[in-house]
Amino acid sequence: MPTTATAASRRKKTSRRDEEAPLIPILARKVREIEAKAQRAKLGPTNRVKFQVIAFLVREERARVKADPEVTDAARAELLKRLDGVATILAKTAARDTSLIQLLEADQATSPVAKRMRRDWLLESGAELPPEELVITDIAPVRTQVVSAALAEKQVTPPSVESRQLASPFLEPDLTPRAGAVPRRRLDGWELMGPLYKAFESGAGGGAATMELPPTPEYDHISPKGREVMVHQSRFVEAVRSGHRSFLLADEPGLGKTAQSVLAASIAGAYPLLVVVPNVVKMNWAREVERWTPQRRATVIQGDGSDIDAFADVFIVNYEILDRHLSWLGEIGLKGMVVDEAHFIKNLSSQRSQNVLALGSRIREHQRNPLMLALTGTPLINDVEDFDAIWRFLGWTNGEKPGAELMEKLDATGLTPADKSFYAEAREAVISMGIVRRKKKDVAADLPDKLVADLPVQLDDEFGRSIRQAERELGERMAAKYRRIIEARASSSNPNRPSAGEIDDDIVRLVAHNELEESKAAGTGGDNVFTMVRKIGQAKAQLAADYAAQLQRSVQKVVFFAKHVDVMDQAEAHFAAAGIKSVSVRGDQTTPVRQAAIDAFNTDPEVGIAVCSLTAAGVGVNLQVASNVVLAELSWTAAEQTQAIDRVHRIGQDEPVTAWRIIAAHTIDTKIAELIDQKQGLAARALDGEAVADDPSESVQMAALMHLLREALGGA
């Protein structure tokens, strides 16, 4: 009985204290939420606003308690102590994330979101507010400034762009009627961004985050001759045909997001189209545009863009150099924009994110219904608020509140965040804005069981230029030998000498064979076919590792194959810097060490990438926990490549396998990839009875040297 009485007394005392300062328990609850988020490194924009609002409400409440004559000295001391407790948690949180310190200095709520948050908490505490604090007006929109003052001096205008602007100095006017003033809605007074994030964080309503897509059309009217879209791709494109124009396309890697985007632009007529991509996939995008829309021209922007085709339909630029081209890209009348690997813009304070968002806003200002596509298999890296930048780019929100279309969908639910069922409806409303997410296993019937996808990369640094120069010199060296043989034959009365302008294949084969034998004897000395391939691997290493890291964030497990130890070393260093745990399978390892690495990759969820030697891990290794392989360097035999891919493509694998070959464009690497594919045809014809073209009988090294020689002779 005494215990019960004491508990009742305690409840009564707590109740009385809360009646004297009902806001304090609300602040205490909110600050604990912030503290928990900070401990998990998940302080996104909404929680930062909460932190700021708590800070200035603590100051307001402290001033009120000190000045309230009805509060006794003992009660005042107790209330101030509780407020100090809230302030202490704020200080500890700011010590953990120093970027929060400046938020502690705010004197008042400035943004509409902060003002609404303060108002809602005060109303929850039972406070009576003056009429001017009950109605929160939004900040009037201002015209997007694409180029900041800090970037103004970096802007370049390629000469061909000036020609385009002179050829068409006036942009085509958009005569589509504009929407009138947006009427005030039921939810205008609510803070909605936090509930939207919570709806996704909790997976409210369950089910895949994919909007309802139209059925597959009876006939394929969009593929160019010789190509065919898969069912899941066709349904996405049909959504574009039906009029939808903004998408977060979050399909897993290997499901053809690039092809879907290219076809979507064609269906929507969204030209000129800007595509912002990581450097490693620029060349692949240009190739996919040519492959799926051969009637359209794509141009890849390198450096200052001096070589671009300003009259192209598709402009492809990597994130790193976008800041130089903001000015002219903002003025040429873009009708669509694609952001590939859109999780790259999740950090709103980064220049990369600001550049992309500024261009996206400019396009939406000038075009009534532009095509806006954000592509990423991993939209969420750390926290559900990683959606923030992507939703802003697509125009679904402005960071502080939903946009007009999303607000209309939320309003139509008839619910508020105070209703538990609001969250499932809110998640569905955002999904219907254009989220499309398919996994390999969901569309397995569409996919081949094993796919080799080539990713051409541009080696545009000094190292890359030196490689291309070495290739030209090797070709010229062999061409000189060829010409000496021809001259020797011409000086004799040889009836088999070739006529002028004709290339003698027998002599080409002879010269290439001699060069190959000399290269084998020389080993790593001088420039030969072996040293050049090694240099190409070194030049590709960073790009290949970067792509593997991007892939891992989406698919969890990736196998990275390389031929040379230094390429493996570069890759492992890149993964470590990116915070990705990897293991290594090499030829110099003991059997126990090697098996421990394999077991760790197969069983430890923290290990994301296995870095493997093509020769040491190409056989006898089971890595089927992964279904994606990155081939950073090409092998000399088709069998070696197949063996590497078959480390994951084996019995027990329940997902289609994709091997991503990183190929250095405009180098001998491209020819080697082609020759390997020809060698694959031998097995298909001899073992599987397939009707494929004959492949050359020479080795890949021999055929590659013959190719270089023919190029030098002008007959390739």
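Report yes if SER432 is among the polar types (S, T, N, Q) and in contact with a Lys or Arg (Cβ under 7 Å, 6 or more places away or on another chain), otherwise no.
yes
As an exercise: evaluate ASP599 against (1) over 21 Å from the mean Cα position of the chain (by Cα); (2) surrounded by 13 or more Cβ atoms within 10 Å (Cβ to Cβ); (3) in a helix (DSSP H, G or I) and give the number of the one condition it does not meet.
Unmet for ASP599, out of (1) over 21 Å from the mean Cα position of the chain (by Cα); (2) surrounded by 13 or more Cβ atoms within 10 Å (Cβ to Cβ); (3) in a helix (DSSP H, G or I): (2).
Taking the stated definitions as given, is ILE332 assigned to a loop (DSSP other than H, G, I, E, B), more than 30 Å from LYS225 (Cα to Cα), assigned by TED's automatic domain parsing to the domain that holds VAL281 and of a type in the set (A, V, I, L, M)?
Yes, satisfied.
Tell me which residues, restricted to segment 187-226, are in contact with a helix residue (DSSP H, G or I) (Cβ under 6 Å, 6 or more places away or on another chain), under 30 Å from LEU43 (Cβ atoms) and assigned to a loop (DSSP other than H, G, I, E, B).
LEU187, GLU191, ALA204, GLY205, ALA209, MET211
Can you work out which of the residues in segment 509-537 that are in a helix (DSSP H, G or I), touching a residue at least 40 places away in the same chain (Cβ under 8 Å) and of a type in the set (D, E, K, R) is surrounded by the fewest Cβ atoms within 10 Å (Cβ to Cβ)?
Only one residue fits best here, namely ARG509.
Restricting attention to segment 309-326, report how many residues are under 27 Å from SER350 (Cα atoms) and surrounded by 17 or more Cβ atoms within 10 Å (Cβ to Cβ).
So in segment 309-326, the residues under 27 Å from SER350 (Cα atoms) come out as 314-326.
If we keep only those that are surrounded by 17 or more Cβ atoms within 10 Å (Cβ to Cβ) too, we end up with 314-319, 322-326.
Residues flagged as under 27 Å from SER350 (Cα atoms) and surrounded by 17 or more Cβ atoms within 10 Å (Cβ to Cβ) within segment 309-326 amount to 11.
Go through segment 135-191 residue by residue and tally those that are of a type in the set (S, T, N, Q), modelled with pLDDT of 70 or more and under 31 Å from the mean Cα position of the chain (by Cα). Outline the logic, then answer.
Within segment 135-191, the first condition is being of a type in the set (S, T, N, Q), and the residues that meet it are 137, 144-145, 148, 155, 157, 160, 163, 165, 168, 176.
Imposing the further condition that a residue be modelled with pLDDT of 70 or more reduces the set to 148, 155, 157, 160, 163, 165.
Filter once more, keeping what is under 31 Å from the mean Cα position of the chain (by Cα): 148, 155, 157, 160.
Total satisfying the criteria: 4.
Quickly run through segment 339-351 and pick out the residues that are part of a helix (DSSP H, G or I) and under 16 Å from PRO379 (Cβ atoms).
ALA342, HIS343, PHE344, ILE345 - these are the residues of segment 339-351 that are part of a helix (DSSP H, G or I) and under 16 Å from PRO379 (Cβ atoms).
Can you tell me which of GLY254, GLY336 is crowded, with 22+ Cβ neighbours inside 10 Å and closer than 18 Å to MET433 by Cα?
From the options GLY254, GLY336, the qualifying one is GLY336.
So if I check each of ASP461, ASP454, which one is surrounded by fewer than 15 Cβ atoms within 10 Å (Cβ to Cβ), touching a helix residue (DSSP H, G or I) at 6+ places or on another chain (Cβ under 9 Å) and under 25 Å from LEU631 (Cα atoms)?
ASP461
Report yes if THR416 is assigned to a loop (DSSP other than H, G, I, E, B), buried (at least 18 other Cβ atoms within 10 Å of the Cβ), among the polar types (S, T, N, Q) and at negative phi, otherwise no.
no
If I filter segment 538-574 down to residues being outside any helix (DSSP H, G or I) and not aromatic (Phe, Trp, Tyr), which single residue comes out as surrounded by the most Cβ atoms within 10 Å (Cβ to Cβ)?
Top of the filtered list is VAL558.
Does any residue of segment 353-363 turn out to be charged (D, E, K, R) and modelled with pLDDT under 90?
No: segment 353-363 contains no residue that is charged (D, E, K, R) and modelled with pLDDT under 90.
Given the criterion in contact (Cβ under 8 Å) with a residue 60 or more places away in the chain, in the same structural domain as ARG287 (by TED's automatic domain parsing) and out of contact with any Ser or Thr (no Cβ under 6 Å at 6 or more places or on another chain), identify the matching residue among ARG472, ARG438.
None of the others qualify; the one that does is ARG438.
May I ask you to verify whether LEU104 is part of a helix (DSSP H, G or I), modelled with pLDDT under 75 and either surrounded by 11 or more Cβ atoms within 10 Å (Cβ to Cβ) or out of contact with any Leu (no Cβ under 9 Å at 6 or more places or on another chain) (or both)?
Judged against the criteria, LEU104 is a match.
This table checks each residue for (1) closer than 26 Å to LEU459 by Cα; (2) out of contact with any helix residue (DSSP H, G or I) (no Cβ under 9 Å at 6 or more places or on another chain); (3) in a strand (DSSP E or B).
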| position | (1), (2), (3) |
| --- | --- |
| VAL229 | no, no, no |
| VAL237 | no, no, no |
| PHE247 | no, no, yes |
| VAL275 | yes, no, yes |
| GLU288 | yes, no, no |
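Residues being farther than 26 Å from ALA259 by Cβ, in contact with a helix residue (DSSP H, G or I) (Cβ under 6 Å, 6 or more places away or on another chain) and of a type outside the set (A, V, I, L, M, F, W, C): count how many of those fall in segment 356-391.
2
Check segment 213-224 and report whether any residue there is exposed (fewer than 12 other Cβ atoms within 10 Å of the Cβ), at pLDDT 80 or above and out of contact with any Cys (no Cβ under 8 Å at 6 or more places or on another chain).
The answer is yes, given that some residue of segment 213-224 is exposed (fewer than 12 other Cβ atoms within 10 Å of the Cβ), at pLDDT 80 or above and out of contact with any Cys (no Cβ under 8 Å at 6 or more places or on another chain).
Has segment 631-642 got any residue that is in contact with an Asp or Glu (Cβ under 7 Å, 6 or more places away or on another chain) and crowded, with 16+ Cβ neighbours inside 10 Å? Spell out how you get there, then give the answer.
Residues of segment 631-642 in contact with an Asp or Glu (Cβ under 7 Å, 6 or more places away or on another chain): 634.
Those still in the list that are crowded, with 16+ Cβ neighbours inside 10 Å too: 634.
Looking for residues that are in contact with an Asp or Glu (Cβ under 7 Å, 6 or more places away or on another chain) and crowded, with 16+ Cβ neighbours inside 10 Å, one finds at least one in segment 631-642, hence yes.
For the list (1) under 26 Å from ARG48 (Cβ atoms); (2) of a type in the set (A, V, I, L, M, F, W, C); (3) in contact with a Leu (Cβ under 7 Å, 6 or more places away or on another chain), I need the number of the one condition that LEU357 fails.
Condition (3) is where LEU357 drops out.
Select from segment 432-470 the residues that are under 20 Å from ALA544 (Cβ atoms), part of a helix (DSSP H, G or I) and of a type outside the set (A, V, I, L, M, F, W, C) and list them in ascending order.
GLU462, GLY464, ARG465, SER466, ARG468
Of (1) assigned to a helix (DSSP H, G or I); (2) modelled with pLDDT of 90 or more; (3) under 30 Å from VAL648 (Cβ atoms), ALA374 satisfies all except one. Which?
It is condition (1) that ALA374 fails.
From the residues in segment 323-345 that are under 13 Å from GLY360 (Cα atoms) and of a type in the set (A, V, I, L, M), which one is nearest to the chain's Cα centre (by Cα)?
If we take residues in segment 323-345 being under 13 Å from GLY360 (Cα atoms) and of a type in the set (A, V, I, L, M), then ALA342 is nearest to the chain's Cα centre (by Cα).
Return the residues of segment 64-81 that are among the hydrophobic types (A, V, I, L, M, F, W, C) and under 12 Å from ALA21 (Cβ atoms); say none if nothing qualifies.
VAL65, VAL71, ALA75, LEU79, LEU80
Can you find even one residue in segment 697-714 that is part of a strand (DSSP E or B) and at pLDDT 80 or above?
No, there is no match, as no residue in segment 697-714 is part of a strand (DSSP E or B) and at pLDDT 80 or above.
Looking at segment 267-284, is at least one residue of a type in the set (S, T, N, Q), over 20 Å from the mean Cα position of the chain (by Cα), farther than 27 Å from LEU166 by Cβ and not assigned by TED's automatic domain parsing to the domain that holds VAL630?
Scanning segment 267-284 turns up no residue that is of a type in the set (S, T, N, Q), over 20 Å from the mean Cα position of the chain (by Cα), farther than 27 Å from LEU166 by Cβ and not assigned by TED's automatic domain parsing to the domain that holds VAL630.
Among the listed residues LEU451, LEU459, LEU375, which satisfies the condition of being closer than 17 Å to ASP251 by Cβ and either out of contact with any Pro (no Cβ under 9 Å at 6 or more places or on another chain) or free of Cβ contacts under 8 Å to residues at least 24 places away in the same chain (or both)? Break it down into steps so the answer makes sense when it comes.
Details: LEU451 fails: either out of contact with any Pro (no Cβ under 9 Å at 6 or more places or on another chain) or free of Cβ contacts under 8 Å to residues at least 24 places away in the same chain (or both); LEU459 fails: closer than 17 Å to ASP251 by Cβ.
Only one candidate passes the filter, namely LEU375.
The values are calculated or read from the model by the stated rules, or taken from the named source; none is laboratory data. Just so it is clear, the structure is predicted and the values come from calculations on it, not from any experiment. Every residue, glycine among them, receives a Cβ derived from its backbone with ideal geometry; neighbour counts consider all protein chains shown.
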